[in-house]
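Engineer: Have a look at the structure that comes next, please.
Nothing in this text is a laboratory measurement; each read-out follows from the coordinates by a stated rule. All figures in this text were calculated on a predicted structure; none of them were measured in a lab. Cβ: placed from backbone, ideal geometry, glycine included. Neighbour counts: every protein chain shown.
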Amino acid sequence: MSTIIKVHILILFFLSTNIFSQKTKKDSIYFFFDENYTINSSITNKLIYPKYKEMIKSKIDLTNTNGYIHFFEEEQITGVIPKKILKIKDYIENDAFYFDGKYNKIVDNWKVKKYLLDKYTIFLVKKNQIIKLKSLTYSSFYPLKRKNKYIDKRKKDTLVFKFDPFLLKKTKSKTSDYFILKNNNRESTFGFIKYKEYKTIKIKKTISLKKYLLTSRYYNKKNNKIYKSELAMYLTNYIIFIKTKKCYYKVNPYFEVY
């Protein structure tokens, strides 16, 4: 191999690795440690479940939010003086991170990952300590069990799907009625379980279920696949109705693995 070719290869290798490192390099972002809104996993791991639940309940009125940040610490660093430190609750508790909708005040972990975790190396500033985070996730306070009752104060937007006989089939079990997606595979089932029946509701605007599924972040166009478990979990953050010719059914998302 000639010297010129070797030089060209080395230059290309340097450029490609340099471009790759630039793409993967993240900016740093610093937040004030909020003792009520941010909880270290090293603390929660040491608590037995009843004490952990009591600790979480005590923070609901103090945060005035639907949930809190649960983080994993990577290391504590020294010798860094941040130019700007932000309030983490103000940064996350806004429409940019909430589930889509007019009333929704529930933080979407998918957006937290896309717009925060994937873009920044995150630090929490606690007095003289600077904590580098390995990861973080948003956890909801609700539903909350008190005196054998479940309380859920989260404001949710409402989705009204028009019943589509080409997509859904009605089925029953001994205890429940279902709307099941027709193209389910043998491994799992996605659909909706009926909860209540209404002759009419205030919201009249209906959504095409087919369009909703095909434009969802949980639909893969390449293999025409719906990530059903993730979709079912996502839809729990909404109030859902299915409109038929007869009435409106209030439903809950349903997913089952065989």
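Engineer: So which trypsin sites (Lys or Arg not before Pro) in the range 93-151 pass both tests, a DSSP loop state and at most 15 other Cβ atoms within 10 Å of the Cβ? Walk me through the numbers on the way to the answer.
Structural biologist: Numbers: sites: 102, 105, 111, 113, 114, 119, 126, 127, 132, 134, 145, 146, 147, 149; in loops: 102, 105, 119, 127, 147.
When the trypsin sites (Lys or Arg not before Pro) of the range 93-151 are filtered for loop state and at most 15 Cβ neighbours within 10 Å, 102, 119, 127, 147 remain.
Engineer: Could you give log10 I(q)/I(0) at q = 0.19 Å⁻¹ for the range 158-257, computed by the Debye formula over C-alpha point scatterers of equal weight, without solvent?
Structural biologist: -0.95
Engineer: Which FRET efficiency value, to the nearest 0.05, is calculated for residue 148 and residue 25 with the Förster distance at 45 angstrom and r the Cβ-Cβ distance? Numbers along the way, then the final one.
Structural biologist: Numbers: r = 52 Å, r/R0 = 1.15.
In this case the efficiency is close to 0.30.
Engineer: On to the next question. Calculate the spin-label point distance for residue 162 paired with residue 236, positioning each point 7 Å from the Cα along the beta-carbon direction, and give it in nanometres.
Structural biologist: Simple spin-label model gives 3.1 nm for this pair.
Engineer: Quick one: Karplus J couplings for the range 146-160, per residue in order, coefficients 6.51, -1.76, 1.60, θ = phi - 60°, nearest Hz, x for Gly and Pro?
Structural biologist: Coupling constants for the range 146-160: 9, 6, 6, 10, 9, 10, 9, 9, 5, 7, 10, 6, 10, 10, 10 Hz.
Engineer: Oh, and also: So, in nm, how far is label residue 195 from label residue 183 when the simple model puts each one 7 Å beyond its Cα toward the Cβ?
Structural biologist: Placing both labels 7 Å along Cα→Cβ, they lie 2.7 nm apart.
Engineer: Over the chain, calculate the relative contact order: mean separation of alpha carbon pairs under 8 Å at least 6 apart, over the residue count, as a percent. Intermediate results must be reported in sequence, preceding the final value.
Structural biologist: Details: 388 pairs, mean separation 44.2, N = 258.
Normalised by residue count, the contact order of the chain is 17 percent.
Engineer: Related question: Please identify the trypsin sites (Lys or Arg not before Pro) of the range 176-238 that satisfy two criteria: DSSP loop assignment and at most 15 other Cβ atoms within 10 Å. Which are they?
Structural biologist: On the way: sites: 182, 186, 194, 196, 199, 202, 204, 205, 210, 211, 217, 221, 222, 225, 228; in loops: 182, 186, 199, 202, 204, 205, 217, 221, 222.
Answer in residue order: 182, 186, 199, 202, 204, 205, 217, 221, 222.
Engineer: Here is a further query. Can you tell me which of 85-97, 229-241 comes out highest on packing, and rank the rest after it, using the mean Cβ neighbours within 10 Å? Kindly include the intermediate steps, with their values, before the conclusion.
Structural biologist: Details: 85-97: 15.7, 229-241: 17.3.
Descending mean neighbour count gives 229-241, 85-97.
Engineer: Report, by chain and number, residues whose modeled amide H sits under 5 Å from the one on residue 98, excluding near sequence neighbours (fewer than 5 apart, same chain).
Structural biologist: Hits under the 5 Å cutoff: 108.
Engineer: So what is the calculated 222 nm ellipticity per residue for the chain, using -39500 (n - 2.57) for each DSSP H run with n of 4 or more, over all residues, to the nearest 500 deg cm²/dmol? Walk me through the numbers before you get to the answer.
Structural biologist: Working: 8 runs with 63 residues, N = 258.
So the calculated ellipticity at 222 nm is -6500 deg cm²/dmol.
Engineer: May I ask you to evaluate 6.51 cos²θ - 1.76 cosθ + 1.60, the Karplus curve with θ = phi - 60°, for each residue of the range 92-97 and list the ³J(HN,Hα) values in order in whole Hz, giving x for glycine and proline?
Structural biologist: 8, 7, 7, 4, 4, 10
Engineer: Computed on alpha carbon atoms, what radius of gyration and Dmax characterise the chain, expressed in Å?
Structural biologist: According to the Cα coordinates of the chain, Rg and Dmax are 23.9, 82 Å.
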